[in-house]
1. Just to be sure, is Gly221 within 26 Å of Phe49 (Cβ to Cβ) and either out of contact with any Cys (no Cβ under 8 Å at 6 or more places or on another chain) or surrounded by fewer than 20 Cβ atoms within 10 Å (Cβ to Cβ) (or both)?
2. Is it the case that the range 73-95 has a residue that's assigned to a strand (DSSP E or B), among the polar types (S, T, N, Q) and within 9 Å of Arg216 (Cα to Cα)?
3. Determine, yes or no, whether Ser217 is modelled with pLDDT of 95 or more, among the polar types (S, T, N, Q) and either out of contact with any strand residue (DSSP E or B) (no Cβ under 6 Å at 6 or more places or on another chain) or more than 13 Å from Asp96 (Cα to Cα) (or both).
4. Residues of the range 218-233 being in a loop (DSSP other than H, G, I, E, B) and among the hydrophobic types (A, V, I, L, M, F, W, C), which ones?
5. Would you be able to tell me the number of residues in the range 172-194 that are more than 23 Å from Lys60 (Cβ to Cβ) and either assigned to a loop (DSSP other than H, G, I, E, B) or in contact with a His (Cβ under 7 Å, 6 or more places away or on another chain) (or both)?
6. Return the residues of the range 90-145 that are in contact with an Asp or Glu (Cβ under 9 Å, 6 or more places away or on another chain), over 17 Å from Val206 (Cβ atoms) and small (Gly, Ala, Ser); say none if nothing qualifies.
7. Test each condition in (1) over 17 Å from the mean Cα position of the chain (by Cα); (2) within 19 Å of Ile97 (Cβ to Cβ); (3) not in a loop (DSSP other than H, G, I, E, B) for Gly135 and report the one that comes out false.
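The values are calculated or read from the model by the stated rules, or taken from the named source; none is laboratory data. Every value quoted in this text rests on a predicted model; they were computed, and no experiment measured them. In this analysis, Cβ positions are derived from the backbone assuming ideal geometry, glycine residues included, and neighbour counts consider all displayed protein chains.
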Amino acid sequence: MVSEKRSFFLPLLVLIFIPVLALEDVSAEEILFSDDFQSGEISDEWTFFGDPTSIIKQDKGNPAPCFCSNGDSMYGSGVCSRESFSIENGLVVQCDIFISCHPRGAWVDAWLLMCDASQIIRGQEPPSFISMNFGFYGELNWSAPHLQGVLGQHITGQQIPMIIHADQWLNSWHTYKIEISPEGLCSFIIDDSLLTSHQTLLQDSVDKIGVVLNGRSTSWGIALHDNILVYVP
């Protein structure tokens with residue numbers, strides 16, 4: 001059964017664009033974790049979940065090679081970081097994501113997640129604490145066709161409307177960023193433009209987070225991740 005997080009029946013949300021911190025402003029001392037997949041392999045800093053297993057795409061990337069979660073039309077696959085990160089002083093998780101899909105296709109998506117480190121079970125997809133996802137849902141999505149590009153933002157215990165017909169993020173690389181401030185304000189950002197901010201109501205119950213790359217690719221299109229970065233804001 002496809003999980004609840006893949007429902008796309010929420011109303012349209014108006015985007016608000018506000019400049020935010022650029023990557024070049026991040027000092028090396030603030031970086032806690034990074035992976036650009038230039039080794040051509042998925043390192044032992046990640047654990048796998050899902051079937052089919054995640055792979056490296058040697059001929060694609062920003063620059064090549066890059067990570068492909070390699071799920072299918074029914075279920076996602078991905079990796080979870082072995083290392084966990086404190087959110088006490090704030091935290092930023094960002095990743096370059098590429099989505100491409102035939103206009104008639106569907107069920108191609110990529111996820112960038114923060115999960116509660118205390119709930120990680122190796123080999124299983126961790127439940128999401130905070131996440132962003134982008135996917136394409138065309139004619140084959142019989143339950144709600146023609147949604148086109150769909151952006152989701154998720155915080156456990158809160159309902160955030162989807163952004164639909166968001167085709168401006170298709171067929172090219174974009175930088176997705178989730179930022180938690182020390183005060184618990186969670187911001188969702190693409191290409192240094194703020195989309196929305198929300199207070200993280202359950203922050204007090206989560207001490208550390210793991211980072212998850214997840215998604216689905218099909219014969220209709222591909223979902224890719226590259227240049228993952230975790231740092232203190």
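1. Details: within 26 Å of Phe49 (Cβ to Cβ): yes; either out of contact with any Cys (no Cβ under 8 Å at 6 or more places or on another chain) or surrounded by fewer than 20 Cβ atoms within 10 Å (Cβ to Cβ) (or both): no.
When the stated conditions are applied, Gly221 does not pass them.
2. yes
3. On the way: modelled with pLDDT of 95 or more: no; among the polar types (S, T, N, Q): yes; either out of contact with any strand residue (DSSP E or B) (no Cβ under 6 Å at 6 or more places or on another chain) or more than 13 Å from Asp96 (Cα to Cα) (or both): yes.
No: the conditions fail for Ser217.
4. Start the filter on the range 218-233 by keeping residues that are in a loop (DSSP other than H, G, I, E, B), which leaves 219-220, 232-233.
Scanning the range 218-233 gives Trp220, Val232.
5. As a first pass, look at the range 172-194 and keep what is more than 23 Å from Lys60 (Cβ to Cβ): 178-189, 192-194.
Keeping just the survivors that are either assigned to a loop (DSSP other than H, G, I, E, B) or in contact with a His (Cβ under 7 Å, 6 or more places away or on another chain) (or both) gives 181-184, 186, 192.
Here the count works out to 6.
6. Gly105, Ala106, Gly135
7. (1)
Listed here are the residues, each with its yes/no results for (1) crowded, with 18+ Cβ neighbours inside 10 Å; (2) farther than 23 Å from Pro233 by Cα; (3) not basic (Lys, Arg).
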| site | (1), (2), (3) |
| --- | --- |
| Ser39 | no, yes, yes |
| Glu45 | no, no, yes |
| Ile55 | no, yes, yes |
| Cys66 | yes, yes, yes |
| Ser77 | yes, yes, yes |
| Ile87 | yes, no, yes |
| Val92 | yes, no, yes |
